[in-house]
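The values are calculated or read from the model by the stated rules, or taken from the named source; none is laboratory data. Computed from a predicted model, the values in this text were never measured in an experiment. FYI the Cβ positions are ideal-geometry reconstructions off the backbone, even for glycines, and counts take in every protein chain you see.
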Amino acid sequence: MVAAGALAVSAVTPAPASLLPDLGNDGYRVAAYDLTYDVDPSTTKLPGTAKITAVADRRLSEFRLDYAGGTVAEVQVDGRPAAFHLDKQKLVVDPATAVRGPFLVTVDFTADRAAKVPSVVDATAGWSNDSDGGFVWFGQPDRAHLFFPCNDSVNDKAYFTYHVTVPAGWTAAANGSLVARSDTKSASTFTYASVHPFATQLAQLAVGKYTLVTGTGPNGLPLRSAVPDPAAAKPMLDQLPGFLDWLQQRIGRRFPFETVGLLGAAGPTAQQTWALETQTLPVFQARDLTDPNNAAVVVHELAHQWFGDSAGVADWNDIWLSEGFAVYFDHLYTAEHGGQSLADQFQLAYQRDPEVRAQGITPANPTRPDVMFGLARGFGSLVVYALHEKVGDQVFQRIIDTYLDRYRDGSATSADFIKVATSVGGQDLGPFLHDWLYGSTTPPMPGHPDWTPKPSTSAGGLPGPAPRPGS
Ligand SMILES: [Zn+2]
């Protein structure tokens, strides 16, 4: 039964074509990034050194890293100078000796925080520069290689260490824990390291006039947030342990990382109006952290730490596994805290679903990179809701438990999720999930026979995305 279901699914669900085929590189995987920056807020030029520990799966006489927007002064491979050149958004490296197995690439580069290299997905992604000279990273989905040379694939997780020197009075905040800090009269050097690996799109480095606020979450989890004004952010910082406790109970699994905290990016001058689930340090507009009414936005990015960060996605087509669950849990939070019921929230999305599918867009095959966050993800959460309505609380919980445990610190495809659901769901959920993830028409909603999708009237163009907190 289980095997037959899995076979049936794979037979009818070929993996869709990659949404961002130019990202990432063949022949190796990265194990660790060690990034050193010397920050001068008075210039957009940011010199850095990237030490990249990688493992080649075959003999490589040449290899590529993703890189754009800056310059490269020198590349070494295993301590020896290597020839290199920039080709579009690739750094092509020609080592003195071919590499095979583990190798170390050292790149001395200067990033340009003012470089205009727009994302094909989101014009606001990339460097977010503050008026005072500070900055924040928005790497998702295809801009991390403006920050440092890397294998900018959503499916290549690595450990990160940062050594960031800033002028006295400035603060650096990054993924992981602050493991060292040294101060002189004129400068401070912050060293952060991550215990769990992550994809480049989830890397975060912010430099600004931040105050680091520490605390303790559920089960003794160390908390550390970075905000420009701790008193102003207090309404949200005070709720952080409660958000985490609620998520642990509803998701059924402990927080997956060694620490977490909120990053409040510069105030009203920041261009971005969105949040991002950068691992262990999700970023928000600082002003959004001053208003307790924005709780669902924070819960959304925290839910991503389980879904999308710890259990990552193997391809951008699988983004519903990240956004769908984060939206599901922020809707659930809203429902349990005085907002619309879960059913009312999802009935709205259900009515709009046919119009999206009529454009050839489905949750696990968005077909266009520009719709994968704004439009497709809301309908991904409808899949999660439909699954819950079909199998009920206990089986739903078993599926989530198994999925999060199996793909912890890894990444999954939609087919992987279907296999998990079928293997622990007590029934072949393949055809059900296939219809929801890939079908050209909206399936009936289990448990809600009265729900009727509005027939598509669209003659081109797409309905705007349902209002969504965060990203
Ligand atoms: Zn999201």
Test: residue in region 70-79 that is more than 25 Å from the chain's Cα centre (by Cα), modelled with pLDDT of 95 or more and polar (S, T, N, Q): yes
Scan (1) in contact with an Asp or Glu (Cβ under 8 Å, 6 or more places away or on another chain); (2) part of a loop (DSSP other than H, G, I, E, B); (3) without any contact (Cβ under 8 Å) to a residue 60 or more places away in the chain for the single condition ALA123 breaks and write down its number. (1)
From the set of residues in region 308-318 that are more than 9 Å from the ligand (Cβ to nearest atom) and closer than 15 Å to PHE373 by Cβ, which is surrounded by the fewest Cβ atoms within 10 Å (Cβ to Cβ)? ASP315
Residues in region 293-303 that are surrounded by 24 or more Cβ atoms within 10 Å (Cβ to Cβ) and either away from the ligand (no atom under 12 Å from the Cβ) or over 12 Å from LEU244 (Cα atoms) (or both) total 0
Quick one: which residue in GLY360, GLY374 is small (Gly, Ala, Ser) and within 16 Å of the ligand (Cβ to nearest atom)? GLY374
Residues THR273, THR280, THR269: which one is in a loop (DSSP other than H, G, I, E, B), more than 11 Å from the ligand (Cβ to nearest atom), polar (S, T, N, Q) and at pLDDT 95 or above? THR280
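Yes/no matrix, rows are residues, columns are (1) in a strand (DSSP E or B); (2) modelled with pLDDT of 95 or more; (3) under 30 Å from ASP122 (Cβ atoms); (4) among the acidic types (Asp, Glu):
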{"position": "ALA11", "(1), (2), (3), (4)": "no, no, no, no"}
{"position": "ALA17", "(1), (2), (3), (4)": "no, no, yes, no"}
{"position": "ASP34", "(1), (2), (3), (4)": "yes, yes, yes, yes"}
{"position": "ASP57", "(1), (2), (3), (4)": "yes, yes, no, yes"}
{"position": "PHE84", "(1), (2), (3), (4)": "yes, yes, yes, no"}
{"position": "ALA96", "(1), (2), (3), (4)": "no, yes, no, no"}
{"position": "PRO102", "(1), (2), (3), (4)": "yes, yes, no, no"}
{"position": "ASP108", "(1), (2), (3), (4)": "yes, yes, yes, yes"}
Is it the case that region 342-354 has a residue that's under 30 Å from GLY439 (Cα atoms) and within 13 Å of the ligand (Cβ to nearest atom)? no
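Yes/no per residue for (1) within 16 Å of the ligand (Cβ to nearest atom); (2) assigned to a loop (DSSP other than H, G, I, E, B); (3) at pLDDT 90 or above; (4) of a type outside the set (A, V, I, L, M):
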| residue | (1), (2), (3), (4) |
| --- | --- |
| VAL420 | no, no, yes, no |
| ASP428 | no, yes, yes, yes |
| PRO431 | no, no, yes, yes |
| TRP436 | no, no, yes, yes |
| MET445 | no, yes, yes, no |
| THR452 | no, yes, no, yes |
| ALA459 | no, yes, no, no |
| ALA466 | yes, yes, no, no |
| PRO469 | yes, yes, no, yes |
Residues in region 87-145 that are on the phi > 0 side of the Ramachandran plot and in contact with a Lys or Arg (Cβ under 7 Å, 6 or more places away or on another chain) total 1
Among the residues of region 141-163, is any surrounded by fewer than 24 Cβ atoms within 10 Å (Cβ to Cβ) and more than 20 Å from the chain's Cα centre (by Cα)? yes
Can you tell me which residue in region 319-328 is nearest to the ligand (Cβ to nearest atom), limited to those that are hydrophobic (A, V, I, L, M, F, W, C) and touching a strand residue (DSSP E or B) at 6+ places or on another chain (Cβ under 8 Å)? ALA326
Which residue is surrounded by the most Cβ atoms within 10 Å (Cβ to Cβ), if the candidates are limited to region 337-362 and must be assigned to a helix (DSSP H, G or I), of a type outside the set (A, V, I, L, M, F, W, C) and touching a residue at least 24 places away in the same chain (Cβ under 8 Å)? ASP353
Under 27 Å from THR214 (Cα atoms), free of Cβ contacts under 8 Å to residues at least 12 places away in the same chain and more than 11 Å from the chain's Cα centre (by Cα) - does that describe any residue in region 278-289? no
Has region 334-354 got any residue that is small (Gly, Ala, Ser), within 24 Å of the chain's Cα centre (by Cα) and within 23 Å of PHE396 (Cα to Cα)? yes
Given the conditions (1) under 19 Å from the mean Cα position of the chain (by Cα); (2) modelled with pLDDT of 95 or more; (3) within 14 Å of the ligand (Cβ to nearest atom), which single one is not true for LEU263? (3)
Filtering region 401-417 for residues that are surrounded by fewer than 22 Cβ atoms within 10 Å (Cβ to Cβ) and in a helix (DSSP H, G or I) leaves a count of 7
